[in-house]
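The numbers here are math on the coordinates, done by the rules we state, and not lab data. None of these values were measured; they are calculated from a predicted model. Cβ atoms come from the backbone with ideal geometry, glycine included; neighbour counts cover every protein chain shown.
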């Protein structure tokens, strides 16, 4: 099995693949780039770093050593620090319940296998291996979907300067679809009925902002009660 980056399942990906070397190619050319000084004492882990999924710009890795309550583990810290020191690295998202990490990087500036080997080396893993199990558990499927949504949400938050994310952009998109559908009417093609899109826009927005809505409703009731109490006291006076 071969990933998009050319990683092989045969053996550990941390070891040079002799089959890739041509005559006259030096050992130095087969060694991944060295980014920054190596830590004095890597934590040392008696397991490989597993590559679960890869497509250009996105990696999912997993390790038992990542099953932590937080990011304070020295192994997690060493792995994340190693990744963050690589030119082209973009983000690190750990799921401590599954021990998986989603890495995003610039595929134009960085090779996935070089990044993985670097992380494994600096964190003390026994090389890099590709997970051979093809079937994902339900928890891994859900986790992968949520990681993707969180990544999109963070990107939206950055693009809007922290003013909005999917909780606002999703309903806004549905409201825009409702307007377009209303204008086009019978010529709307595959667009939903305008009233349906508008209803779902409202429902999604209210669902994501339920705490704020309830707080506003409570404040409004309290203000009405205070106003009514004031009017009653004025009439009695």
Legend entry - Two-site label geometry, residue 229 and residue 142: point separation in nm, points 7 Å out along Cα→Cβ: 4.5 nm
Inset, instruction - Can you bin the range 154-237 into rounded, prolate or oblate? Criterion: square roots of the alpha carbon gyration tensor eigenvalues sorted a ≥ b ≥ c, rounded for a/c under 1.5, prolate for a/b above b/c, oblate for the rest. - result: oblate
